[in-house]
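Colleague: Sharing a structure here in structure tokens format.
The values are calculated or read from the model by the stated rules, or taken from the named source; none is laboratory data. Treat the numbers as computed from the prediction; the structure is a model and nothing was measured. Cβ placement follows ideal geometry from the backbone for every residue including glycine, while neighbour counts extend to all protein chains displayed. Just so you know, the surface numbers come from the protein's heavy atoms only, side chains and all, with ligands and any DNA or RNA stripped out. Shrake-Rupley method; radii C 1.70, N 1.55, O 1.52, S 1.80 Å.
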Amino acid sequence: MTAPSVPVKEPKEPLAAAEPAGPTERSLASRLASGAAGGVMRVFLILVALLWVTPTVGLLASSFRDPTDIAESGWWDVFSKPTQLTTESYSTLLGKEEITDSLLNTIWITVPATALVIVIGAMAGYAFAWMDFKGRDWWFVVVVALLVVPIQIALIPLADLFGDLGIFGSILGVVLFHVGFGLPFAIFLLRNFFAEIPRELLEAARLDGAGEVRLFATVVLPLGAPAIASLGIFQFLWVWNDMLVALIFSDSDSRPLTVALTEQTRQFSGNIETLAPGAFISMVIPLAVFFAFQRQFVSGVMAGAVK
């Protein structure tokens, strides 16, 4: 008996390897539309930047012009007549003792008010983020609630309190006011930033023998540098440009530059040749601080936006 024959199947041809999906080729119309949109956006941003810079450039040009030239033509005339530029206005303004004293007072007010808010806010933010103590969450709710308290409500009560303490009309009183109203925002900002630090990193530092002080100084502060820089810029600009608090809580010996320029307006009947250099001096220092720390400022603002 012969065995039944088994049909032999022909081997199938191997399937062709799937080609990797590459980027789809865009049509010419799509590329033109995308390029046009990008060009329009760039032109728009350049126009916005020019509009923002124009008042600053005008103030700078006016500060270097003679009073007669300011009265006869606009500030843009300096581009066609550069001989109008002179430093006489700066010499006159800086030769006044009240202006130089007010500039120093502004520095003595702004630097301590900014430094104290950063130091105290960083320590409090770390405590609220990583330390366990009774009523921590409720105390943080109180701090957040203080953010909505307007400055105007506290002017009269704090003026009476500072008068009883003997610091009304002094630089110390102005500094304490700015520190008190700057701390709620500082604590809120830094606490939320510090809370995003990985717990494993802090636990590893504790296993290496780091205490709370060392952990805060060597781990938390370096990681929180972008948020701290952003806070410092906000606080510096607010205190430097403030006039309401300084107008109420300072006297003739402790008034900052904003108050001094206001009094110069009354004294010189609003003469631009005197106010322009003073306003530019008051503006150029905050601008220099902002541009010096703009990279840290952007990093702090964008922190946590992208995982």
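Rundown of residues vs (1) open to solvent by 40 Å² or more (accessible area, probe 1.4 Å); (2) not in a loop (DSSP other than H, G, I, E, B), yes/no style:
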position	(1), (2)
Val40	yes, yes
Thr68	yes, yes
Asp77	no, yes
Glu98	yes, yes
Asp101	yes, yes
Ala113	no, yes
Met123	yes, yes
Phe128	no, yes
Phe133	yes, no
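Colleague: Going by what's in this entry, would Thr106 be described as at pLDDT 80 or above and open to solvent by less than 80 Å² (accessible area, probe 1.4 Å)?
Modeller: Details: at pLDDT 80 or above: yes; open to solvent by less than 80 Å² (accessible area, probe 1.4 Å): yes.
Yes, satisfied.
Colleague: Let me ask something else about it. Is there a residue being surrounded by 16 or more Cβ atoms within 10 Å (Cβ to Cβ), modelled with pLDDT of 85 or more and closer than 19 Å to Ala113 by Cβ anywhere in region 259-281?
Modeller: Yes, region 259-281 contains at least one residue that is surrounded by 16 or more Cβ atoms within 10 Å (Cβ to Cβ), modelled with pLDDT of 85 or more and closer than 19 Å to Ala113 by Cβ.
Colleague: Another question, then. Could you check how many residues of region 205-247 are loosely packed, with under 13 Cβ neighbours inside 10 Å, without any contact (Cβ under 8 Å) to a residue 40 or more places away in the chain and in contact with a helix residue (DSSP H, G or I) (Cβ under 9 Å, 6 or more places away or on another chain)?
Modeller: 1
Colleague: Here's something else I'd like to know. Taking the conditions exactly as written (at pLDDT 90 or above and touching a Gly at 6+ places or on another chain (Cβ under 9 Å)), does Phe181 satisfy them or not?
Modeller: no
Colleague: Could I ask something else about it? Given the structure, is Val142 closer than 30 Å to Asp253 by Cβ, in a helix (DSSP H, G or I) and either within 27 Å of the chain's Cα centre (by Cα) or modelled with pLDDT of 90 or more (or both)?
Modeller: Taking the combined requirement at face value, the residue does not satisfy it.
Colleague: Please determine whether any residue of region 30-45 is at pLDDT below 75, of a type in the set (D, E, K, R) and farther than 30 Å from Thr83 by Cα.
Modeller: Yes, some residue in region 30-45 is at pLDDT below 75, of a type in the set (D, E, K, R) and farther than 30 Å from Thr83 by Cα.
Colleague: Which residue is nearest to the chain's Cα centre (by Cα), if the candidates are limited to region 50-66 and must be open to solvent by 80 Å² or more (accessible area, probe 1.4 Å) and over 17 Å from Leu275 (Cα atoms)?
Modeller: This residue is Trp52.
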